[in-house]
């Protein structure tokens, strides 16, 4: 998904926030020689050194941890005491996201299956009309949304899923991605149905609009206003943290770690250099708005996905003899009662949780990007959007999972520390290293591309929410604040502040899924009408007026 702290040894943001309990306890990693060795004089953390004085940042961080992170986390990850009567914890947010995905799949008549090929055709431009209102093409809208979802979670989150849930978690991860396609279709169709197009052609859409205007049509204006405002606030706040600071800090850690292998200490001594460079690169794109973001994303997304998938395919080719046994492990593990991984339910929860938090289906963020697509057929953009979870989860995440399984790093005692401390990205790097020693450099490059693409897309999401609350004329203020957070991400390590922003992103699912469920009848009626015209040949390019 959008942010992963696994690179630095912390918990993947959006994949497993700190308040969440894992489905099964992992044994403590054995103490390494480096950990057991006494520290040299002058090393930080010496037993005889006085503790460092608390800074104002530390005090603010502790305040957020005590009064916000614990309380919000307790709600999002409340498990209805399932750990006692099911043997594994099933958090509320997982039930909400997965339950929504099942509901929308049934409500929309399995549009994730019957609409797949049509989605490919629409994305490649078979039904494009250059005269349609909007700012970007179908492919650019898909690339913009994918640039936010295909991120560090695909590298680190999946590795942790396999390490903690076993190979069987991959099966449930794929299932979660397939069901999430219907959620994406529903929310992105609404993004188009309720979008606003200004006189200058600027488009604004997303949950802020369909929650307010759609629920007003249902006679629930106050509920719609509250949900829309709540969504805008949490999305804007989350864009600064999970969509910005985490991306910078974790991509920095990936590059810094590889440089240190060659005794290059520049980014260790002056991390702000990375922040300034990234701030400039991001600023050049986001100041230009969605058109420039989309133009950049349509180039970066195919590149980063292609490079990563090709590297993964090479590793699978090297280990081709292990592919069939690995697939057998995945299917057996998906339904295994093995207590090591928390039993059948434990494996299922881990896989579904990773899928839901990776592809962002149900958060509503992608509908902001898809609302800007050039089309006069709102349902067609929802059809395009359902490809996102397929590419993000079924393709990219599955590739990572297979690499982790065929190389055997997930149960290698040598990497017990990575597994025990949820260090997913280093675990994936070790899997890559088994094929070619310099492959971790490719991984580091992919991490940087993933982080950069996520930054530019989440800046747009946050800016649309800011404009919704404070007006378009003040949007430039948000952009400069966002760029400031890019620099902050390279120098600040206030954990609770960043965890708080993670929880805000997950909180987007509650107002969004509730609103989309209430408006699902309108989406289904529009889908049926669109599908009947498609089957009658009325939407073919030659016949389209």
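The values are calculated or read from the model by the stated rules, or taken from the named source; none is laboratory data. What you see is a predicted model, and the numbers here were worked out from it, not measured in a lab. When we count neighbours, we look across all protein chains shown, and the Cβ atoms used for this are built from the backbone with ideal geometry, even at glycine.
Does residue 254 count as crowded, with 20+ Cβ neighbours inside 10 Å and closer than 28 Å to residue 517 by Cβ? Before the answer, list the steps.
Working: crowded, with 20+ Cβ neighbours inside 10 Å: yes; closer than 28 Å to residue 517 by Cβ: no.
Answer is no for this residue.
Take the residues in segment 82-118 that are over 23 Å from the mean Cα position of the chain (by Cα) and more than 25 Å from residue 524 (Cβ to Cβ); name whichever of them is surrounded by the fewest Cβ atoms within 10 Å (Cβ to Cβ). It would help to see each step written out before you state the result.
Residues of segment 82-118 over 23 Å from the mean Cα position of the chain (by Cα): 82-88, 106-110, 114-115, 117-118.
Within this subset, residues satisfying the condition of being more than 25 Å from residue 524 (Cβ to Cβ) are 82-88.
Working: 82: 17, 83: 15, 84: 9, 85: 7, 86: 16, 87: 16, 88: 21.
Only one residue fits best here, namely 85.
For segment 475-490, check the following and say yes or no: at least one residue is out of contact with any helix residue (DSSP H, G or I) (no Cβ under 7 Å at 6 or more places or on another chain) and not in a helix (DSSP H, G or I). Steps first, answer last, please.
So in segment 475-490, the residues out of contact with any helix residue (DSSP H, G or I) (no Cβ under 7 Å at 6 or more places or on another chain) come out as 476-477, 480-481, 484.
Still in the running and not in a helix (DSSP H, G or I): none.
Checked against the condition, which is being out of contact with any helix residue (DSSP H, G or I) (no Cβ under 7 Å at 6 or more places or on another chain) and not in a helix (DSSP H, G or I), segment 475-490 yields no hits at all.
Do we have residue 414 as on the phi < 0 side of the Ramachandran plot, assigned to a helix (DSSP H, G or I), surrounded by fewer than 19 Cβ atoms within 10 Å (Cβ to Cβ) and over 18 Å from the mean Cα position of the chain (by Cα) here?
Values: on the phi < 0 side of the Ramachandran plot: yes; assigned to a helix (DSSP H, G or I): yes; surrounded by fewer than 19 Cβ atoms within 10 Å (Cβ to Cβ): yes; over 18 Å from the mean Cα position of the chain (by Cα): yes.
Answer is yes for this residue.
With in a helix (DSSP H, G or I), touching a helix residue (DSSP H, G or I) at 6+ places or on another chain (Cβ under 6 Å) and farther than 22 Å from residue 286 by Cβ as the only criterion, which of 180, 242 stands out?
Working: 242 fails: farther than 22 Å from residue 286 by Cβ.
That would be 180, the only listed residue that is in a helix (DSSP H, G or I), touching a helix residue (DSSP H, G or I) at 6+ places or on another chain (Cβ under 6 Å) and farther than 22 Å from residue 286 by Cβ.
Determine, yes or no, whether residue 273 is in a helix (DSSP H, G or I), modelled with pLDDT under 85, in contact with a helix residue (DSSP H, G or I) (Cβ under 7 Å, 6 or more places away or on another chain) and surrounded by fewer than 22 Cβ atoms within 10 Å (Cβ to Cβ).
Numbers: in a helix (DSSP H, G or I): yes; modelled with pLDDT under 85: no; in contact with a helix residue (DSSP H, G or I) (Cβ under 7 Å, 6 or more places away or on another chain): yes; surrounded by fewer than 22 Cβ atoms within 10 Å (Cβ to Cβ): yes.
In short, no.
With the requirement that a residue be surrounded by fewer than 18 Cβ atoms within 10 Å (Cβ to Cβ), assigned to a helix (DSSP H, G or I) and at pLDDT below 85, what does segment 310-342 give you?
Hits for segment 310-342 are 339, 340.
Give the residue, chosen from 143, 148, that is modelled with pLDDT under 70, within 19 Å of residue 361 (Cβ to Cβ) and within 18 Å of the chain's Cα centre (by Cα). If you could, list the steps in order and put the result at the bottom.
Details: 143 fails: modelled with pLDDT under 70.
From the options 143, 148, the qualifying one is 148.
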